[in-house]
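*Asks:* Pasting a structure below so you can have a look.
Read-outs throughout are calculated quantities, based only on the coordinates presented, and are distinct from any laboratory measurement. Just so it is clear, the model here is predicted, and its values are computed rather than measured. With ideal geometry, Cβ positions are generated from the backbone for all residues, glycine too; neighbour counts draw on all protein chains shown.
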């Protein structure tokens, strides 16, 4: 057996045959020589150290490179932050500067506003002074221009024509003035300065009385033209006058005129005069339109129950110390089957003018003078011709509606579909039909024995004047029972059907247990008279679901009687008193109650008269609008309100407030149908 051999650098191990020495399965293995004594080879250690040094150098190089990048980026961020800091400082400075400028601008704006206000006042003052300087002037328009014309002679001829003496000594100066519009083709106006304002006014008055001055009257040859003599207005006032006239025309105002340099408009003879001093005042024309409209309604009743044409409506009245009233009726009042609400303007229209309605030409006449309409109203129910009346209305003459009267009987609107009689806008605002006049009432609707539609002061109602009124009786709040218990008369109401009485919600609120009966047919609670009073027990009291005792909104209620009213006597009130009140614009009314927590809106209307108004005992009573039927010599009354509240009795500057009946018509109809 041979032994292994050794070399210096590596160890080769060979295995030879045990017998003949030949190699068998020789396996050669090379390995690193390790010091047999347990120490590291110096060569290997050196190589390892060199390798580690190289690797560490590379690692440090990479770290230095990364650190340099981070430092560079940090410096860039620092630089950016410094720039932003500078930007912020600059922005702060600019903001401060802007605030300072804004403060200065606000001061300048305030100063400018003050200057503008001063300038406006000065302009108005200059305008007024300019107009005042023309107080002795008249302006003559549309006189043809001629060469070598003698303007003084023309003025003298005008004086002769209007029968007002004008001598040359009366004329301070006379000349033509150019038009403001350079494109105008009309002759230049003649401005005459007179010696006195009185003479100027006399000339203007005489010219108006002439009712038409023409060039032929002035001995001027050529085409005969209309000549106009007016006050000499400034350019601004002329423009304002044109705008006022156009606005007034659109709003159906009948009168627009000039007096002493002031522009005045009026809707009709009985309307208040509105002064137009600026363009802002033109809104007064539109807003005042509602001040001269009466809101009315009429309810028709079942003709099968009356045995007549649709009849038996309800209307209502108001007055200080008001008590209800009732007149003799032929029998039970039939229930309401149809209602119409309308707004009625007080202005009159030109009678007999030609109108076109629905493509049909006719004449604008009183509905009582229009045979086709009279025939239709006698033969057809109101529901069939309501829309046609609305479309055919053309004005109002006194208390009579006017219609566009065709040559033949107008076709009923029943085949075209009818507009619902009552419609309420969303958001709860009142909606009135466009019909401009009240529909003629049937014989039994709103009839009164009153001989006058005007009542001045607070006068006692006579027997039969207001046959639909009642007074509410309450049990006295005491411990007494049975027959010793007394009745207190507190509120009023109006009979709207044989079993229903319209009143105010505050007459019902917290009084349901004490509200006992309605007395009808009483004129004076303190004495007996010819009125045959009857007492009807109350079965149910219904107040509006949204009645608010704090703001007095929705102050309306309905009483359901135990039995239907059927009697032969009638009138009411301790003495029933009536008076005439004027409907007040809601905006004016709202200003009167600004310091009170009340709502003045479309749900109410206001009315007042000096020293006269509804009072505490009137609550729930009605406000009516009368219309006189000249043919039948009788007044028909339309209810427009229910007495709600006010500030004391007839307190100056505080109109009485009434729940607007037209607004609550859907509620009234629903309650009558359900009860």
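*Asks:* For residue 132 and residue 54 in the same chain, what is the full-extension length gain: residue separation times 0.36 nm, less their Cα-Cα distance, in nm?
*Replies:* Value of the extension gain: 16.9 nm.
*Asks:* Placing one identical point scatterer on every Cα of segment 48-182 and ignoring solvent, what is log10 I(q)/I(0) from the Debye formula at q = 0.09, 0.10, 0.13 Å⁻¹?
*Replies:* -0.69, -0.74, -0.89
*Asks:* Still on this model: For the ranges 205-214, 261-270, what's the packing order if you count other beta-carbon atoms within 10 Å of each residue, average per peptide, and put the highest first?
*Replies:* Listed from highest to lowest mean packing, they are 261-270, 205-214.
*Asks:* Continuing with this model, one more query. Any chance you could run the full-extension gain for residue 275 through residue 141? It's 0.36 nm times the residue separation minus the Cα-Cα distance, nm to one decimal.
*Replies:* 45.8 nm
*Asks:* Now, a different point. Treating each Cα of segment 123-232 as an identical point scatterer and ignoring solvent, apply the Debye formula and state log10 I(q)/I(0) at q = 0.19 Å⁻¹.
*Replies:* Once normalised to I(0) and log-transformed, intensities are -1.00.
*Asks:* According to a simple spin-label model (label point 7 Å from Cα along Cα-to-Cβ), what is the distance in nm between residue 535 and residue 120?
*Replies:* Label at residue 120, label at residue 535, 6.5 nm between them.
*Asks:* Just to be sure I understand the model, the point goes 7 Å from the Cα along the line to the Cβ. What's the resulting residue 149 to residue 44 distance in nm?
*Replies:* 13.8
*Asks:* I'd like to compare 659-665, 249-255: which one has the highest average count of other Cβ atoms within 10 Å, and what's the full order after that?
*Replies:* 659-665, 249-255
*Asks:* Suppose R0 equals 25 Å. What FRET efficiency, 1/(1 + (r/R0)^6) with r the Cβ-Cβ distance, do residue 582 and residue 262 give to the nearest 0.05?
*Replies:* Here the calculated transfer efficiency is 0.55.
*Asks:* Would you please put 669-675, 585-591, 105-111 in order of how densely packed they are, using the mean number of other Cβ atoms within 10 angstrom per residue and starting with the highest?
*Replies:* Numbers: 669-675: 14.1, 585-591: 16.0, 105-111: 10.9.
Highest-to-lowest ranking by the protection proxy: 585-591, 669-675, 105-111.
*Asks:* Once label points are set 7 Å from the Cα along Cα→Cβ at both residue 75 and residue 516, what is their separation, rounded to one decimal in nm?
*Replies:* Using points 7 Å along Cα→Cβ, the separation is 10.8 nm.
*Asks:* Now for a different question. Along each of the three principal axes of the Cα atoms of segment 73-140, give the extent in whole Å, ordering the values from largest to smallest.
*Replies:* 91, 23, 7
*Asks:* Once you treat every alpha carbon in segment 199-252 as an equal point and sum by Debye, what is log10 I(q)/I(0) at q = 0.16, 0.20, 0.25, 0.28 Å⁻¹?
*Replies:* Listed by q, the Debye log ratios stand at -0.71, -0.93, -0.99, -1.00.
*Asks:* Okay, moving on. By how many nm would the segment from residue 549 to residue 562 grow when fully extended, if each residue of separation counts as 0.36 nm and the alpha-carbon distance is taken off?
*Replies:* My answer for the length gained is 1.9 nm.
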